[in-house]
Amino acid sequence: MSTSSSAINARMLRMRLPRVCVTIIGKTAAEMIEKAEQVARDDNSFIEFRLDYLSEPASLLPKLKGFFEYNPHMILIATCRRKKTGGLFRGSIASEVDILTRAASAGCQLVDVELDTASKLKDRDWDKLRKHGAAILLSHHDFRATKNLEKVYAKMSQYPADFFKIVTTAKELYDNVEMMKFLATKSDERPMIGVCMGEQGLISRLLSLRAGSIFTFGAANPGEETAPGQIAARRLHETYRIDQIDISTRVYGVAGDPVGHSLSPAMMNTAFRRENLNAVYLGLHAKTMKDLMHCVREIPIHGLSITMPYKESVMRHLDKSDPLSTKIGACNTVIRSQEGKLYGFNTDVAGVLRPLEQRMPIQNAKVLVMGAGGAARAAVFGLKERGAEVYVLNRTAAKGQQLARQAHAKFLQRGNLSKLYAKGWVWDCIINATPVGMDNAEDKTAGSEKPLLTDKELVTRYVFEMVYSPAETKLTKMARARGIHVIPGIEMFVHQGARQFEIWTGKPAPIEEMHKVVLHALEQRTAQAAADKNNKKKR
Ligand code: NAP
C-alpha cells in the first residue's frame with residue numbers, strides 16, 4: 001500500500017479510536033483470545049495484543065481471523081516489543097517486523113514499533129509493515145524519568161509513522177504537567193499518545209486526553225498491568241468515568257505520602273457520579289508540598305483532601321482558613337477559588353460531630369478522647385465548641401496536657417481513670433483517636449496492639465473508633481462484647497468526606513452511596529488480606 005493511502009487510512013482510523021485501549025497479555029494464544037472476547041463483551045472495542053508475552057508470538061495470528069468474525073468492529077494494535085526496549089520478545093528486529101507484518105495481514109489495524117527499532121529499519125521494512133494497510137504507532141518508553149520530550153519528538157519525526165506514543169516515568173506530580181503541556185503543543189502537528197508511568201503518573205493517565213492524547217491504556221484485569229501505574233480498564237470507565245473527562249471537568253484529589261491505600265478516590269468518584277457532576281477525583285502521591293502546590297495551580301486542581309503528612313504544613317500555603325482549622329492547626333480540605341485563592345477547612349470535625357449528634361446531644365456530653373495528634377485535636381476542639389465536657393488521655397502526657405490547655409479541656413492521667421470510676425463516673429463516649437488497632441503495612445505491629453483500655457475500663461455508652469481499616473478492631477469487638485454501642489471509623493471517614501463534597505460543590509452529599517462503596521472496599525480488603533494469609537500458610 002502506498003504511503004499516501006496508508007496516511008488516509010490512519011486519519012480515518014484516528015476518528016474511530018475510543019479513549020481506552022485495553023492491553024491483553026497471556027501465556028498462551030488461547031488465553032489471550034479468551035480475554036479479548038471478555039474485554040469485547042465488556043463494551044471495549046480497542047485492544048492491544050502484547051504478542052511479546054507469548055513464547056511463540058505468531059501462534060496468536062491464526063486465531064485473530066475467528067476473533068474478527070465475531071467482533072468485526074474491533075480495532076487491534078499488535079505489539080511485539082523486544083527485551084532491549086522494555087518488552088519480552090527475545091527475537092531479532094527482522095523477526096519482529098515479520099510478526100508485525102503478519103499481524104497486519106491478519107487484520108490488526110495498528111502495529112507498534114519502538115523508536116529504537118525504527119532507527120534500525122530499512123525502507124523495505126517500513127514498506128513491509130505498511131503492505132496490509134496497518135497504521136504505524138511509533139513508541140518511545142522512558143522507564144526512568146520524564147525528560148527530553150522535545151528531543152524525543154524530533155527523533156521520532158524522522159520516521160514515517162502515523163501515531164507517536166511517548167510514555168515516560170513520573171518521578172513527581174509535576175511531570176504530568178510537563179507531559180500535558182508537551183502534548184498540548186504537539187498534538188496539532190501529529191496524532192499523539194502521551195502518558196506518564198508510575199503511581200505519580202495517574203494524572204496523565206486520565207487528563208492527558210484533554211491535553212491532546214488520543215487515547216490511554218488500561219489493563220484487561222487488575223494484576224495484569226503491563227506498565228507501572230496502569231489502571232484496569234473497568235476502573236477507568238466506572239470509577240473515573242474517563243469517557244466523560246473534558247476540558248471543563250473539575251479535578252479534585254487526595255494529596256499525601258503515601259495515598260495508594262486511600263479509599264477516598266472510590267468514595268468521592270462515586271459521589272460525583274451519583275450527583276452527575278463533571279468532576280474527577282484522583283490519588284495525588286506528593287513527595288513534597290512544593291510539587292503539590294505547583295500542580296494545584298497549573299492543572300488546575302479545584303479541591304484537595306489533605307492527608308498525612310501534610311495536614312499541618314499545608315496551612316502555610318493557604319490564603320485563608322476557617323477559625324476552627326486555625327485553632328486546630330491542621331486542615332484536611334482545600335478549595336481553590338476561581339481567582340486561584342486557596343481556602344482551608346477541617347472536615348474531620350464534622351466527621352466526629354455528625355455521627356455523634358445523630359446519637360446523643362453533644363452539649364454537656366462526657367467524652368474521653370484518647371490521643372493528641374491531628375485527629376484528636378479536631379475531635380477535642382470540635383466537641384468543646386459544641387459544649388461537651390472533654391477529657392484528653394495521651395501516651396505522651398506533655399502533648400495531651402498542651403492540647404487540653406489549648407482547647408480548655410481537661411487532661412486525664414491514666415492512673416486517675418479508676419478513681420473516676422470509683423465515684424460512679426460513666427462516659428457518654430470514649431473516642432480512640434490513635435492508630436492503635438489499625439492495619440498498617442509500614443508498622444506491622446499496629447494491628448496486633450492491645451486496645452489502650454481494658455474491657456473493664458470501657459465504662460461508657462458509646463465507643464467511637466476512628467480507625468477504619470480494619471472495619472472491626474479489637475476495641476470495637478471488645479465494646480460490642482460488653483453491649484456498648486459502637487461508632488465505627490468508617491462513619492467518620494464518610495462524614496468528613498461528605499462535608500468536603502459539600503464545601504466543594506455546594507450540594508448535599510449522597511452519603512448512603514458513599515458509605516456503601518467504602519464498606520464494600522473495606523470488606524474486599526479484609527477478604528483479600530485473609531486470602532493472602534491463607535496462601536502464605538499454604539506455602
Ligand atoms: P497522629 O497525628 O500521628 O497522632 C497519633 C496519636 O496517637 C498521638 O497522640 C500518639 O501519641 C498516639 N499514639 C500513636 N501510637 C500509639 C500507641 N501505640 N499507643 C498509644 N498512643 C499512640 O495521627 P492522627 O492523624 O491524629 O490519626 C490518628 C488515628 O485516627 C489514625 O488511626 C487515623 O487513621 C485515624 N483517623 C481516622 C479518620 C477517619 O476518617 N476515620 C480521620 C482522621 C484520622 P503520642 O503523642 O504519644 O505520640
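The values are calculated or read from the model by the stated rules, or taken from the named source; none is laboratory data. Being a predicted model, the structure only gives us computed values, none of them experimental. Glycine gets a Cβ as well: all are built from the backbone with ideal geometry, and neighbour counts include every protein chain shown. Side chains are part of the model used for accessible areas, which takes the heavy atoms of the whole protein and leaves out ligands, DNA and RNA. Shrake-Rupley method; radii C 1.70, N 1.55, O 1.52, S 1.80 Å.
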Per-residue [θ]222 nm for the chain (sum of -39500 (n - 2.57) over DSSP H runs n ≥ 4, rounded to 500): -12000 deg cm²/dmol
Return the subset of Lys65/Lys536; Lys341/Lys366; Lys311/Lys507 for which the Cα-Cα distance in this structure is over 32 Å, preserving the input order. Lys65/Lys536; Lys341/Lys366
Sum of side-chain charges, Asp116 neighbourhood, beta-carbon under 13 Å (Lys, Arg +1; Asp, Glu -1): +2
Over segment 266-387, with every protein chain in place, what whole percent of the accessible area is carbon and sulfur at 1.4 Å, could you tell me? 49
Expressed as a whole percentage, what fraction of the accessible surface of segment 3-247 belongs to carbon and sulfur atoms when a 1.4 Å probe is rolled over the protein heavy atoms? 50
Positive end of the dipole of the chain, charges at C-beta (+1 Lys, Arg; -1 Asp, Glu), about the Cα centre: which of Gly374, Pro228, Ile301 has its Cα farthest in that direction? Gly374
Using a 1.4 angstrom probe, figure out how much accessible area the chain has per residue, in square angstrom, rounded to the nearest whole. 45
So, counting K/R as plus one and D/E as minus one, what does the shell of residues with Cβ under 11 Å around Arg274 add up to? 0
Can you pull the percent of segment 444-539's accessible area that's carbon plus sulfur, 1.4 Å probe, other chains left in place? 54
Would you kindly derive the ³J(HN,Hα) couplings of segment 333-341 from the backbone phi angles with the Karplus curve 6.51 cos²θ - 1.76 cosθ + 1.60 (θ = phi - 60°), listing them in order in whole Hz, with x for Gly and Pro? 9, 10, 10, 9, 6, 4, 7, x, 7
Surrounding net charge for Phe411, when Lys and Arg each add one and Asp and Glu each subtract one, Cβ distance under 12 Å: +4
Met197's amide H: which non-local residues (gap 5+, or another chain) put their own amide H closer than 5 Å, with H modeled 1.01 Å from N in plane and none for Pro or chain starts? Thr168, Thr169, Ala170
If you average the sequence gap of Cα pairs under 8 Å that are 6 or more apart and divide by the length of the chain, what percent do you get for the contact order? 8
So the angle from the long Cα axis of helix 93-105 to the longest Cα principal axis of the chain, reported in degrees to the nearest 10, equals 90
Compute the angle between helix 264-274 and the longest alpha-carbon principal axis of the chain, please, reported from 0 to 90 degrees and rounded to the nearest 10. 80
Explain nothing, just the number: relative contact order of segment 212-265, from Cα pairs under 8 Å at least 6 residues apart, as a whole percent. 21
Just list whichever of Lys399/Lys474; Lys35/Lys120; Lys171/Lys399; Lys287/Lys450; Lys131/Lys181 have alpha carbons separated by over 27 Å in the model shown. Lys35/Lys120; Lys171/Lys399; Lys287/Lys450; Lys131/Lys181
